[in-house]
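Scroll down for the structure; my scribbles are underneath it.
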Amino acid sequence: MFKIVWLLSLSSLFFACSSGISTSNSENEPNSEEVLIPFEGKRIDLDSTLSIEIPEYFKPTGSLESGALVQYSSLFHGEYLIVLSDEASTSIDRIKFEKAFNQENSDFLNFAQYSYASFEEKREIIEESEWFEFTVDSINVLAKAVDIKESGDSQTLSYWLSYVEIDDVFYTLKTWTYFNRKRQFEGQVNEMIRSLRKK
């Protein structure tokens with residue numbers, strides 16, 4: 001069943017509740033005693049509708065994914081952010097054309113589930129959380145956390161995927177880092193998603 005969790009704390013949403021992601025007895029689990037890096041952010045516009053606060057040390061890049069609204073990274077920290085946007089009507093038409101539309105779900109949920117299915121089919125899923133739905137500044141968000149391996153790569157990456165609905169536009173926020181830096185980056189991800197604002 002699709003679980004709805006209203007936003008109280010994104011830390012509890014992604015990480016305390018996402019027990020599928022954090023395996024307590026795994027020998028590969030990041031050191032729980034590592035100190036989270038304090039969030040010192042800068043606000044950037046994603047487009048004329050939406051803005052977000054990102055870590056001060058993030059730098060713009062164009063090498064992560066073509067067609068992205070924004071792409072930021074810190075090679076030193078091994079942390080990455082991509083934001084994509086899709087016209088809602090165009091996305092839903094594509095999902096229906098591919099016969100992947102579930103009439104029992106909202107257009108937004110269909111988009112998020114279709115987008116995630118496209119993401120996971122190209123990767124090996126190690127652990128994933130359940131779906132969560134919440135609001136930030138009256139913005140609808142669907143989110144999932146997942147640990148993956150890219151095809152042909154033995155390194156595990158930790159992703160936080162957030163799908164955002166504003167009017168007739170769907171946004172996809174992809175944030176990720178290396179698994180051994182997961183606990184250091186998760187607080188930053190919380191702050192970024194919590195900082196989303198309509199303009």
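What are the residues in segment 75-91 that are out of contact with any helix residue (DSSP H, G or I) (no Cβ under 8 Å at 6 or more places or on another chain) and either over 24 Å from residue 187 (Cα atoms) or at pLDDT 95 or above (or both), if any?
80, 82, 83, 84, 85, 87, 89, 90
How about segment 149-164: which of its residues are in contact with an Asp or Glu (Cβ under 6 Å, 6 or more places away or on another chain) and closer than 16 Å to residue 116 by Cβ?
Listed by number, the list holds a single entry, 158.
Taking only segment 100-115 into account, find how many residues are in contact with a helix residue (DSSP H, G or I) (Cβ under 6 Å, 6 or more places away or on another chain) and in a helix (DSSP H, G or I).
4
If you go through segment 37-82 one residue at a time, how many are surrounded by 11 or more Cβ atoms within 10 Å (Cβ to Cβ), touching a residue at least 60 places away in the same chain (Cβ under 8 Å) and either assigned to a strand (DSSP E or B) or in contact with a His (Cβ under 6 Å, 6 or more places away or on another chain) (or both)?
12
For residue 177, indicate whether it is touching a His at 6+ places or on another chain (Cβ under 8 Å), surrounded by 18 or more Cβ atoms within 10 Å (Cβ to Cβ), of a type in the set (S, T, N, Q) and in a strand (DSSP E or B). Walk me through how you get there before you give the answer.
Details: touching a His at 6+ places or on another chain (Cβ under 8 Å): yes; surrounded by 18 or more Cβ atoms within 10 Å (Cβ to Cβ): yes; of a type in the set (S, T, N, Q): yes; in a strand (DSSP E or B): yes.
Spelling it out, residue 177 is indeed touching a His at 6+ places or on another chain (Cβ under 8 Å), surrounded by 18 or more Cβ atoms within 10 Å (Cβ to Cβ), of a type in the set (S, T, N, Q) and in a strand (DSSP E or B).
Under 18 Å from residue 52 (Cβ atoms), hydrophobic (A, V, I, L, M, F, W, C) and free of Cβ contacts under 8 Å to residues at least 40 places away in the same chain: which single residue out of 157, 142, 173 fits that description?
142
The values are calculated or read from the model by the stated rules, or taken from the named source; none is laboratory data. Note that the coordinates shown come from a computational prediction; the quantities given were computed from them, not determined experimentally. Glycine also receives a Cβ, built like all others from the backbone with ideal geometry; neighbour counts cover every protein chain displayed.
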